[in-house]
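Each value in this text was obtained by applying a stated rule to the coordinates, not by laboratory testing. No experiment lies behind these values; they were computed from the predicted model shown. Here Cβ is always computed from backbone atoms with ideal geometry, including for glycine, and neighbour counts include all displayed protein chains.
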């Protein structure tokens, strides 16, 4: 019998496998945030929706992947009634009136009240398809509304999609410690950071005197958070307005500040997706950066290529090229030769250009990911008439420019 990759079966440490799958090639998702809980009925969908709405109001492009396949409620909260549409390229998420993108199983059902009676692996596979087959386009924050517990779907999201952090949602009851501990331990197993805790239904505020009444007893969320070294806590009250607006599909009209501290933390997260651009001509790296007509843009997350797309260039010249790449959120450019002025202009807009690459674009990506880059490549420039609009003065007989002359 060979190894089944279950270390408990042979008491040996197996090489860890990367199970992440690529997002749709037309998607560019910068940060993925999971909203989780150890039990149901605590209001994950409300918290997910509020975070997407609040980050959207801060000027970010947001989306919600509704991974609660058997209990989807996100479309209802946003008043989305139409069904998801698609082409041969893939599915398109529905969009709320304020621009929040949503993909949910209810958007695929003929009738919203039809039950999804599927086994766990089938449900988990649909969640994965919401990542691989849905054309999210440009999204700054994709919030994943998880089903309760630590079963197939959360495991699929952590392993296949990968998340930049999770928000734990709970309620003010004695079993809160157990709920949080389950979520924290799973996050630790999956090497995912816990960004904060939201205590929903924390209290009710008297409309006459503003006195806060702890309906479910005194909260101990601070003690629990301290125990697990979680620094960010938010509390949501029991408010009939929440339920009313969710029922009407008009939660986006709500103006609240309860989750501002969580939103502040989300803004501070480093960008997980790095867009790497390479000038291409006939499937080979184009010799001249400033005159390239086409760039391949590879999307890299944690040293893994997760997607990519083509970027045609309509205007030549290094400044125009760099401006076009900036619009595509490019962080790094790999090329053969690049003029000194182009290099300096790129640095001024926080774009890194690394020269000295030839051959197939994907091989350049692999060199970048393996850190197989020479120090002098970071300043690899050429001063020829095509790269710099001046006569070549690099005096290097090995330079391709001299070979052409």
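Quick check: from the Cα gyration tensor, does the stretch 201-273 come out rounded (a/c under 1.5), prolate or oblate? Cα axes put the stretch 201-273 in the oblate bin. Diffusion of the stretch 15-268 by Stokes-Einstein, at 4 °C in a medium of 1.567 mPa s and with Rh set to the Kirkwood radius over alpha-carbon pairs, works out to 70 µm²/s. Once the convex hull of all Cα atoms in the stretch 139-275 is built, its volume per residue stands at 141 Å³. Convex hull volume per residue, computed on the Cα atoms of the stretch 31-94, equals 120 Å³.
Convex hull of alpha carbon positions in the stretch 277-331: directionally averaged projected area 3.8 nm².
When a/c is below 1.5 the answer is rounded, else prolate if a/b is larger than b/c, else oblate, so apply that to the stretch 177-229 with a ≥ b ≥ c taken from the square roots of the Cα gyration tensor eigenvalues. In terms of gyration-tensor shape, prolate. Between the C-alpha center of the stretch 210-257 and that of the stretch 297-370 there is a gap of 44 Å. For 44, 218, 291, the sequence from fewest to most other C-beta atoms within 10 Å is 218, 291, 44.
Exposure proxy check: 70, 156, 48 ranked by fewest other beta carbons within 10 Å?
The fewest-first ordering by Cβ neighbours comes to 70, 156, 48.
Pairs of Cα atoms nearer than 8 Å and 6+ residues apart set the relative contact order; for the stretch 15-268 it is 26 percent. Under Stokes-Einstein, with the Kirkwood radius over Cα pairs as Rh, the value for the stretch 245-302 at 25 °C and 0.890 mPa s is 156 µm²/s.
Mind running the shape call on the stretch 239-352? Use the C-alpha gyration tensor, a ≥ b ≥ c as the square roots of the eigenvalues: rounded below 1.5 for a/c, prolate if a/b tops b/c, oblate otherwise. Note, shape of the stretch 239-352 comes out prolate. Judged by the mean number of other Cβ atoms found within 10 Å, the most tightly packed of the peptides 157-163, 341-347, 367-373 leads the ranking 157-163, 341-347, 367-373.
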